[in-house]
Every structure is written in C-alpha cells, then in structure tokens.
Amino acid sequence: MFSEKYILVLPMLAVSAALISCSSLRQYSEIASMPGQLSISLPEDEELDMPEDEISMSVVDSSRASADGPLILNAIRDSETGEMTATDVISASKVVARFRNIAERLGSVSFSFDVTVPEALISSGFQLRFSPELEALDDTLALEPVFITGAGYRKRQLRGYERYRAFLESIVTDSTEFIRIEQLETFLERYFPETFAMRNDSSIVPEPLAENFFGVNQKLALEHYTMHERKRRNAMKIENKEQYFNKFVKSPIENNVRLDTVMSPGDGSLVYRYSHTMSSSPGLRKLAVSLRGTVHKDGEQVLEMPSPEKLTFYVSSLSSLADDTPRYLFKIVDRVVTDNTAAFLDFDHGSTVLDTLRPGNASELARIRKCFADIYSRRDMVLDSIIVTASCSPEGSVEFNARLAEGRALSVKKYVLDRVAELDVDLVKSESRPENWEYFRTLVANDTVLKPSSKEAILRLAAEKDKDYAESRMASMPEYRYLREKVYPRLRTVNFSFHMHRPDVKKDTVHTKVLDTVYMKGLDALKNLDYKTAASILSPYRDYNAALAMASSGYDDTALSILSGLKESGAKVDYLCAILLARAGEYGLAAESFRRSVRKDPAMVHRANLDPELSDIVKKEEIN
C-alpha cells in the first residue's frame, strides 16, 4: 500500500503536468496566431544609397561557438578589404543589408536574403528550424537550414549527451572485470598449484603443458568464477548503444546546418543574413527562395509556422549585352547543279546480270532508291537527266571489259526504270568505263599495306598506255593477289550522276546572302550562359560577341585584344572595355571608357548598377 504522503503527492504531480501542458499549448497557440511575423526579405532601397563608411551590421560568428552556440557579434565593413569585421558581442542581431543585384560571373551566381525572427517566437523550451528552398530551372534545391535554439532546449540537449556519455563510461571494456579473480586464484592455488605458480610468467612452461593448463576441471572453475549476468548485461549495452543514444539524446545537435544559435526570451529579435553561391547553368534567368519554419520540443515537431511569401531574384549576366544582329554569309548559287553517288554492286565473274538478292547489293540498291526519292522531293530543283556509269576492274582485256561494263550499266538502268515509276525513260542514260585506272592509281597511292617500292612499280605500270600489257605485268608481281582481293573489288562500281537546275534562277550564277547558322548557334549559346560552347564557336570571328564570350569565360586579355582590333566602337564595345579594364585594376581607364559608352548611349548608366565591376566606379566618379 502507498503511504499517505505519496497519496498526497500524486495529485500534485498530475496538476503540475496539466499546468505544463496548458502552458505549452498556449505557446503553440500564440506562435500559430502570428502569421507574417517570420519573414525573408530583400534590402530596403534607401539603405542601398547610404555611404559605405556609415554602414554597420550584425553578423553571426559560427567559428567562435561555445557550448551554448555561436556568438552574435557587432561588425563593420573594413575599408581596405571590404569584409565585415567583428567588434563586440551584442545581445541581439540587427542586420542592415547591403546588396543590389545578383550578378552572374564566370559561371557562378551569389545571392543573399534576410531571415527575420521576432522575439515573440523565441522561447527557452523550443527550437525553431527554418529550411530555405531554392527554385531554379524547374528544380528545387534544399539549402542548409537555420536553427534558433532556446536556452532551455539546448540545456536539455547537452544533458542528454551527458547521460549518454555516462552510459558509455558504464560499458566494461576489460573482460577480467567479469571474473572474481581472488576466488579463482585461491581455487587454483589449492587444486592446480602448477598453474598458479606460473600465473605471472608462462614463458618457462613447455608448449604441451601450456596447452593443457585449462583442462576440463580448470575451464569449469573459470566458468564458475565468471559473473555471467553482469557480462550479459554489458554485452546488451554494447549491442544497443544506438537505442540508448536515441533514449538519452532526443534532439541531437545537428552539424549540417548554416547556423545553430542559442537565444533566450528578452534577447530581442534576430535578423540573419543568409548568403549562398551556386554554379550557374545555361538558361538560368530567375531564382526563387522560399522558407519553411517549424517549432520543435524535445526533438519532436509540434507546429509548422506559416511560410512567408517567396523572394525572386533575376540573374543579370554579361550575356544580356550580346549583339542580336543576324550575321550573313555571301554565297554563290549555280543554276545548274550536279550531284553524284556511287554504288558498290557485286556481279558474278564475267556476268552482266544484277543479283538484287545478294545482301550487299540489296542494301546498296535500297540506298539508291532513297536518293531518287530525295531528288524528287526537292521543290527547288528540276531533274534534267541521270547518267548511270558502270566500270570494271583491270582483269581481262580492255575490249572484254568494255562490253562487260556497258552490259552492267544497261542492267542497272533497267532496274532503276522498273523500280522508280515516276521516272521518265528519256531522262536516264547509260555509260561505261571499261577499267577505272584513275581511281586505281588513287587507291594504290593511299594504300597503307603496300611497301613504297611496290607502290612505285605498280604506279609506273598503271601509267602505261597499253593497259592489257600493264595488267599482265602486274599479274606476275607478288603483290597481285593483294590487288585482286583488296583493291580490284573497289573498282567495280556503278556511279549515278544527277543533273538538275533551279527553275527560279535565270543566270548561270547568282550571288546571294544566307544566314550564318554556325555563328547564330554560338550567339544562342552565349545568351543561354553556355560560355564554353559560345567561346569555341565565336572566337574565330573576333567580333564584339566573340569578345563578350571570352570575357564571360574569364579570358579577359583575349577579349581586350579582340575589342582593340575592332574598326567601329559602339556603346556596348566601350562598356565591355570598361568592365575588362576594371577587372585588370585600371580604374581610371575603365572610368574613361565607361564615360564614352554613356555619351553614346545614356542608358548604360543604369546598366552599370547591374555589374559589380562598374557600380563602384559610377559612385566614385559621380558619373550621371
């Protein structure tokens, strides 16, 4: 039975638990009823125009973290380096933001936004977790989260780690701790004096005896004096370390977070500057940042805060300065056009019959039929004639090969007329070339197997006027088998010559202007931030867009060299020169070039606000 004092205590504990629960519910309700208080924001416009030496801001120094979290420091901008330098510790964080635009440079883009957490959201027993998300190019990327931890919450976190550390220290690592050593030694001294005598030095024990130190009785003695239950409990601790960690540490301190700072109610609100740098991608024009906030107690999410409205960043890059003027090429158009294709058709030795079922012949004839279909599908051309020319290899006499080539040409002509219904019979003509010695000389000269001396001898024979004599002499050479098996088959061809004319062209030749598609492809790559492709395509043109592609890729010297060689200098040329000179540290020359650009196009003044290389020059030089 419970004593009277325990009977009195139990209702008090129940009342206390109810009060604590009601207090937490009130806090949840208060947080949930504060829509719009958590915010992400861009800088105020009026703050952007403040003199740089008057700007100060508060920063969070995560590198000087203590057990309670990182310090929040007051900071000013160093006039020499431009970096924020901490000055003293303050109790709250107030940020005066200083950034204008998101400028893409050398394939990277950086942006910043402010996370504002009002004091009313900060409770000692809660942890606030803010998870920014970045939307770019139809993809969503989770950024590193920001944690605001209450002092009481952090205290419980650290207490959990202390309890887990105490648990780890309770695990026994020395197996002898589970043996009652004194009692075991007494037993050995009484019943196994030899073993007991050598308990400190076993080096003098012969190997056979050492193997039998613990006979059956001695093993039983060791088992008897081992504390098995304690050993089992220790093994269970080792096996269930992860479960014990989850039991003691209900809310682990996260490492993969941007900030985990400790604040107590009364410290004031927190405005945290969140900065992120990412690689740019072709087509990147816009970024959107959203924020999700949750409230946690003892590691469990108890509330999700209303998400503030998204922030949108528009990416400014040098590619927007590209000159969109189309580039043309002058092209000579002939009225009469001739197209050729050759087919390697295999005939039986000495035969003029075309075997269409042979695998090699079938594929070649299918390709020829497609060529005819393509010719007839063209609306800008009229077909005048088709000449089918067959040729043979040098075996046999020239007279025989002439008849053979003529017969093969007629055989292929008949095949074409039978298969292409819309083809006028009068348009197709057949010709023959008995032995294609010209092509034979080309094949031998470019052959990689024949020795140079053999090539010279064969080419000398091929130049003979009497071709039958030449072929008979080659037949006696050791290289003849190679010629018959590897070279001669390539001479047995059927050539198709398509003669056409353009009906809308009256003169023999016309000079016309056509779009330079290669150049326009490079320009599209430049505008889509694909600088590597743009630079490789545009660099041979050495014009303004080529210089812009080089500057966007980081090849500043090459870009300046191209710009200096241009005959005409417009506003964009002077502006790009100003950027490149500023990058090189030639600020005086950069200012002069920028002034020339503004005189030619006053709108370039506003453009300079988008480019960090020139925004400071505009302020210092007071260029309007």
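The values are calculated or read from the model by the stated rules, or taken from the named source; none is laboratory data. Just so we're clear, the structure is a prediction, and the values are computed from it rather than from any experiment. Quick reminder, even Gly has a Cβ in these numbers, built from the backbone with ideal geometry, and neighbours come from all protein chains shown. When the accessible area is computed, the model is the full protein with side chains, heavy atoms only, and any ligands, DNA or RNA have been set aside. Shrake-Rupley method; radii C 1.70, N 1.55, O 1.52, S 1.80 Å.
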Exercise. Can you pull the accessible area of Lys486 for me, 1.4 Å probe, Å² to the nearest 10?
Worked result: 120
Exercise. Where in the range 99-129 does the amide nitrogen come within less than 13 Å of the point 7 Å from the Cα of Thr294, taken along Cα to Cβ?
Worked result: 127-129
Exercise. So how far apart, in nm, are the two label points at Arg358 and Arg484 if each is 7 Å from Cα heading toward Cβ?
Worked result: 1.7
For this session: With a Förster radius of 22 Å, plug the Cβ-Cβ distance of Ser39 and Asn255 into 1/(1 + (r/R0)^6) and report the FRET value to the nearest 0.05.
Result: 0.25
Exercise. Is there a pair in Lys370/Lys413; Lys455/Lys486; Lys521/Lys572; Lys155/Lys247; Lys286/Lys532; Lys370/Lys506 whose C-alpha atoms are over 19 Å apart, and which pairs would that be?
Worked result: Lys521/Lys572; Lys286/Lys532; Lys370/Lys506
Exercise. By how many nm would the segment from Leu141 to Ser497 lengthen if fully extended, with 0.36 nm per residue of separation less the alpha-carbon distance?
Worked result: 122.2 nm
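Using a 1.4 angstrom probe on the protein heavy atoms only, could you order Cys371, Cys392 from most to least accessible area? Provide the component values of the computation, followed by the final result.
Numbers: Cys371 35, Cys392 5 Å².
The residues order as Cys371, Cys392, largest area first.
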Seminar exercise, completed: Kirkwood calc, the range 325-380, C-alpha pairs only, radius in angstrom 14.8
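In what sequence, largest accessible area first, do Arg230, Arg159 appear using a 1.4 Å probe?
Arg159, Arg230
Would you list Val315, Val109 from the most to the least accessible area, probe 1.4 Å?
Val315, Val109
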Exercise. Accessible area of Ile122, 1.4 Å probe, to the nearest 10 Å²?
Worked result: 10
For this session: Subtracting the Cα-Cα distance from 0.36 nm times the residue separation, let me have the gained length for Tyr328 to Ser307 in nm, one decimal.
Result: 2.3 nm
Problem set entry | Sulfur and carbon atoms: percent of accessible area, the range 424-524 [1.4 Å] | 50
For this session: Evaluate the charge dipole of the range 452-512 about its Cα centre and quote only its size in Debye, nearest 20, assuming +1 on the Cβ of each Lys and Arg and -1 on the Cβ of each Asp and Glu.
Result: 160
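Ratio of Rg to Rh for the range 502-624, alpha carbon only, Kirkwood?
My calculation of the ratio gives 1.14.
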Problem set entry | Nitroxide proxy distance, nm - points 7 Å out along Cα→Cβ at Val425 and Met278 | 7.2
Exercise. Can you give the charge dipole size of the range 261-332 about its Cα centre, rounded to the nearest 20 debye, using +1 on the beta carbon of Lys and Arg and -1 on the beta carbon of Asp and Glu?
Worked result: 480
Seminar exercise, completed: Using a 1.4 Å probe on heavy atoms of the protein chains only, the accessible area for Thr312 in Å², nearest 10, reads 60
Problem set entry | Pair Arg542, Arg378: separation of 7 Å Cα→Cβ label points (nm) | 3.6
Seminar exercise, completed: Place a point 7 Å from the Cα of Arg595 in the direction of its beta carbon; the residues of the range 552-578 whose amide N falls under 16 Å from it are 574-575, 578
Exercise. Using alpha carbon centroids, what distance separates the range 228-269 and the range 291-344, in Å?
Worked result: 45
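If the chain between Thr442 and Gln243 were fully stretched, how many nm would it gain, using 0.36 nm times the residue separation less the Cα-Cα distance?
63.5 nm
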